[in-house]
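S.K.: Structure provided below as structure tokens; questions to follow.
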Amino acid sequence: VQLQASGGGLVQAGGPLRLSCTFSGSGFSSYFMGWYRQAPGKQRELVASISGRGNTDYADSVKGRFTISRDNAKNTAFLQMDGLRVEDTAVFSCYANRGVIIKWGQGTLVTVSS
């Protein structure tokens, strides 16, 4: 399994950004998918996760602003980020988890300017 994250960039506060995580391998629909982020000087934070059936979970800091989704036919998970804030600036990394298996994609930098 390999993961490829994309979609990071520079955005103004209040704007949207959409991250994608493309899964290469078999069994995508059986994996939990999710996103972590790590800001400079801060601990890594679980942002959002989604089960194979579409059940979602979010960090309190992003509830109501971020939406995680997946397209099992395209082996891709998405993180739609709306109402971005300066404090959302971080490196976002996607992961895939099934049982004891966990795979990571490379990070993608999201920078929110004021």
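The values are calculated or read from the model by the stated rules, or taken from the named source; none is laboratory data. Here the structure is a predicted model, which means the values were calculated and not measured. A quick note on method: Cβ atoms are made from the backbone with ideal geometry, for glycine too, and the neighbour counts reach across all protein chains shown. The accessibility values were calculated without ligands, DNA or RNA, using every heavy atom of the protein model including side chains. Shrake-Rupley method; radii C 1.70, N 1.55, O 1.52, S 1.80 Å.
S.K.: Would you mind getting the accessible area per residue of the chain, heavy atoms of the protein chains only, 1.4 Å probe, in Å²?
M.R.: The answer is 53 Å² per residue.
S.K.: How much net charge surrounds residue 90 when only other residues with a Cβ under 13 Å from its Cβ are counted (Lys, Arg +1; Asp, Glu -1)?
M.R.: Value of the local net charge: +1.
S.K.: From largest accessible area down, sort 10, 46, 17, 84; use a 1.4 Å probe on the protein chains.
M.R.: 10, 46, 17, 84
S.K.: Let me ask something else. For segment 19-35, in order, what is each residue's ³J(HN,Hα) by Karplus, 6.51 cos²θ - 1.76 cosθ + 1.60 with θ = phi - 60°, in whole Hz (x at glycine and Pro)?
M.R.: Each residue's phi maps through the Karplus curve to give 9, 10, 9, 9, 9, 10, x, 10, x, 3, 5, 8, 9, 5, 10, x, 10 Hz.
S.K.: Apply the Karplus curve 6.51 cos²θ - 1.76 cosθ + 1.60, θ = phi - 60°, to the phi angles in segment 104-113 and return the couplings in whole Hz, x for Gly and Pro.
M.R.: Per residue, the Karplus-derived 3J(HN,Hα) values read 10, x, 6, x, 10, 7, 10, 10, 10, 9 Hz.
S.K.: What are the radius of gyration and Dmax of segment 16-83, computed over its Cα atoms and given in Å?
M.R.: When restricted to Cα atoms, segment 16-83 yields Rg and Dmax of 12.2, 38 Å.
S.K.: Another question, if that's okay. Ignoring ligands, DNA and RNA, how do 88, 71 rank by accessible area with a 1.4 Å probe, largest first?
M.R.: 71, 88
S.K.: Quick one: order 37, 98, 53, 18 from most to least accessible surface, probe 1.4 Å.
M.R.: If we order 37, 98, 53, 18 from most to least accessible, we get 53, 18, 98, 37.
S.K.: Taking springs between alpha-carbon atoms closer than 10 angstrom, which of 72, 55, 97 fluctuates most in the Gaussian network model of the chain?
M.R.: Its mean-square fluctuation being the largest, the pick is 55.
S.K.: Under a Cβ-Cβ cut-off of 14 Å, what is the net charge of the residues other than residue 114 that fall near it, where Lys and Arg count +1 and Asp and Glu count -1?
M.R.: Neighbour charge sum, excluding residue 114 itself: -1.
S.K.: Oh, and also: Quick one: what are the phi-derived ³J(HN,Hα) couplings along segment 55-67, Karplus 6.51/-1.76/1.60 with θ = phi - 60°, whole Hz, x for glycine and proline?
M.R.: 6, 10, 8, 9, 5, 4, 5, 10, 4, x, 10, 10, 9
S.K.: When Lys and Arg each count +1 and Asp and Glu each count -1, what net charge do the other residues less than 10 Å away from residue 51, Cβ to Cβ, add up to?
M.R.: Taking every other residue near residue 51 into account, the sum is +1.
S.K.: Considering every pair of different Cα atoms, what Kirkwood radius, in Å, is found for the chain?
M.R.: It works out to 13.9 Å.
S.K.: Further question on the same structure: Magnitude of the Cβ-charge dipole of the chain, K/R +1 and D/E -1, about the Cα centre, nearest 20 debye?
M.R.: Approximately 200 debye in magnitude.
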